[in-house]
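As structure tokens, the structure follows; a few thoughts come after it.
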Amino acid sequence: MEIVTIEAVEGREAEAVRDAWVARDVPQCGFCQSGQVMSAIALLREVQTPSDADIDAAMSGNLCRCATYPRIRAAIHDAAGELQRQAGREEARR
Ligand code: FES
């Protein structure tokens, strides 16, 4: 089994999530954010266009005492949208 931490995670989903997190200014104190980001990346690798229910279920193991949940959800939708746009551009080039 390979273990990947937030410091080493790579790929389209990771980049999209990082960009969305910054754009939405998601973190507050930052304590929970490593887990939130890793869960978001894992979700987007499994579900291309997650619903709010998909997001809530995928993120349910990560508690945020700063209650950043609305920004987390918005950032995941943003990241999913960006990944869809990238896929559309790649498809158009073929
Ligand atoms: S940002 Fe503070 S606990 Fe989540």
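The values are calculated or read from the model by the stated rules, or taken from the named source; none is laboratory data. Because the structure is predicted, anything quoted here is derived from the model rather than measured. Every residue, glycine as well, gets a Cβ built from its backbone with ideal geometry; the counts of neighbours run over all protein chains shown.
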Problem set entry | Selection count where residues are within 16 Å of the ligand (Cβ to nearest atom) and of a type in the set (D, E, K, R), scope the stretch 44-68 | 2
For this session: Search the stretch 7-35 for residues being within 16 Å of the ligand (Cβ to nearest atom) and outside any helix (DSSP H, G or I), and hand back the single one that is farthest from the chain's Cα centre (by Cα).
Result: CYS29
For this session: Scan the stretch 50-67 for residues that are loosely packed, with under 11 Cβ neighbours inside 10 Å and part of a helix (DSSP H, G or I) and jot them down.
Result: ASP52, ALA53
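I want to confirm something. Restricting to the stretch 69-81 and keeping residues that are more than 9 Å from the chain's Cα centre (by Cα) and within 16 Å of LEU43 (Cβ to Cβ), which single residue is farthest from the ligand (Cβ to nearest atom)? Please lay out each step first, then the result.
If we filter the stretch 69-81 for residues that are more than 9 Å from the chain's Cα centre (by Cα), which is where we start, we get 69-71, 74, 81.
Still in the running and within 16 Å of LEU43 (Cβ to Cβ): 69, 71, 74, 81.
Working: TYR69: 9, ARG71: 9, ALA74: 14, GLY81: 23 Å.
Here the residue is GLY81.
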Exercise. Any residue in the stretch 4-18 that is modelled with pLDDT of 95 or more and within 18 Å of ALA67 (Cα to Cα)?
Worked result: no
Problem set entry | Residues (surrounded by fewer than 17 Cβ atoms within 10 Å (Cβ to Cβ) and either part of a helix (DSSP H, G or I) or at positive phi (or both)) located in the stretch 36-49 | ALA42, ARG45, GLU46
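Please specify each residue of the stretch 62-82 satisfying the condition of being of a type in the set (Lys, Arg) and closer than 13 Å to VAL37 by Cα.
Restricting attention to the stretch 62-82, the residues satisfying the condition of being of a type in the set (Lys, Arg) are 65, 71, 73.
ARG71, ARG73, listed by residue number.
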Seminar exercise, completed: Reported set for the stretch 24-35 where residues are exposed (fewer than 15 other Cβ atoms within 10 Å of the Cβ) and among the hydrophobic types (A, V, I, L, M, F, W, C) is CYS29, PHE31
